[in-house]
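Read the figures in this text as sums done on the coordinates, not as results from a lab. Keep in mind it's a predicted model, so treat the numbers as computed, not measured. We place every Cβ from the backbone using ideal geometry, glycine too, and count neighbours over all the protein chains shown.
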Amino acid sequence: MLSQNTTVLKSCLLFTILFLFLSTSCTKNSKLPNSSNQKFPEVTLFGTETRILHSNIVNEDFELYISFPSSYFKSDTVYPVLFCLDANRSFGLVCNLVNVLSMPHNEIPEILIVGIGYRINGMEDWGALRRRDFTPTHDPKSDKYWVDLLSRLSGRDNIVVRSGGAQKFLEFISTELIPFIESNYRVSSTDRALLGYSAGGIFTFYTLFQHPEIFKRYFAGSPSIDWDNGIVFKYENEYAATHKDLPVRLFMSAGNLESETMLKNMKKMAGQLQSRSYPYLELETHIFENETHASCYAVAVSRGLKILYK
């Protein structure tokens, strides 16, 4: 009996040692699914590609995000083209909204999207470069504010912000970017749209009053019209003094929880444009209830796309 018990104890001890050995071996040689040192593929958007285009005008390598209509590779159709500013941050939003609205519900036509982005190391670079490209005049006080803010948020001490590059950026779009897109993709040369939000809205208006013929459809979401004491109103006055028409479709919007200055300027701009009685200007504005400057982006793009392409 004693011998039998001894055998059982030896068997139990052997099993325990074997279990501990296997457990330790598995722990040492396996990686948990959420291990921080395991590299997984990044998420990509279906039906897209990335191109790099160097601008001699801006002296910058721009990163372009292209989103194809679902039928692009199954047809020889020429598609409307939407140029989207702030692509480092907004391309996914705009791309998915266009896809949802166009297929299979056909609330808007299929569109080829060109997201204009930057080759950046962090979003602080995007913040600095957009201030450079979207603003029509140089404002040192604003530059210092953004340098301080972006440096504090990123922990970097080499952030450079210099506003006032809208003229060069528009020249890049008109003489370098658009010819590149039209020579590489089946897009319409008569049905282009420009989408800008916040500071991008300044650039939307700058383009509208400097060279409105470049685009057929304009989106200005929560535009920072107060830039440089409302200089875009000066551009509007100058345009009106020499033109009898503004043949574009324009959508403007803001959230009702944004600043009083934002809402006041948007209403003022809409009023000025309506007072011109341009025969072929199609203007629609909307103030979204319970939306802030940040939260208004998605709803404005969704509504704006339907208005611009109705």
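Only helical runs count toward this figure. For the chain, summing -39,500 (n - 2.57) over DSSP H runs of n ≥ 4 and dividing by all residues gives -15000 deg cm²/dmol at 222 nm. Secondary structure note: in the chain, about 35% of the DSSP beta bridges are antiparallel. For the chain, the longest principal axis of the Cα atoms and the long axis of helix 87-102 meet at an angle of about 80 degrees. Under 15 Å of direct C-alpha separation, and excluding same-chain neighbours fewer than eight residues apart, Lys216 reaches these aspartates and glutamates: Asp191, Asp245, Glu282, Glu284. Where in the chain is the longest stretch that carries no GluC sites (Glu not before Pro) classed as loop by DSSP and with at most 15 other Cβ atoms within 10 Å? Formally, the longest exposed-site-free interval is 108-288. Taking trypsin sites (Lys or Arg not before Pro) across the range 31-131, the ones in a DSSP loop with at most 11 further Cβ atoms lying within 10 angstrom of their Cβ are Lys31, Lys39.
The aspartates and glutamates whose alpha-carbon is closer than 16 Å to the alpha-carbon of Lys168, local same-chain residues fewer than 8 away aside, are Glu60, Asp61, Asp133, Glu176.
Over all Cα atoms in the range 249-310, the spread is summed up by Rg and Dmax: 12.1, 34 Å.
Projected onto planes of every orientation and averaged, the convex hull of the alpha-carbon atoms in the chain covers 25.5 nm². Please work out, to two decimal places, the log10 of the ratio I(q)/I(0) at q = 0.10, 0.15, 0.18, 0.24 Å⁻¹ from a Debye calculation in which every Cα of the range 133-228 carries one identical scatterer. For the range 133-228, the Cα-only Debye profile gives -0.33, -0.68, -0.88, -1.21. Distance distribution P(r), the range 57-209, all Cα-Cα pairs, bin width 5 angstrom from 0: 2, 9, 17, 20, 19, 13, 9, 6, 3, 1, 0 percent. With kT/(6 pi eta Rh) evaluated at 20 °C and eta = 1.002 mPa s, and Rh the Kirkwood radius from Cα pairs, the range 113-167 diffuses with a coefficient of 186 µm²/s according to Stokes-Einstein. With 21 Å as the limit on Cα-Cα distance, the pairs of Lys234/Lys264; Lys244/Lys306; Lys234/Lys267; Lys244/Lys310; Lys74/Lys310 that go past it are Lys244/Lys306; Lys244/Lys310; Lys74/Lys310. Selection among Leu53, Pro247, Ile202 by position relative to the dipole of the range 49-308 gives Pro247 as farthest towards the positive end (Cβ unit charges, Cα centre).
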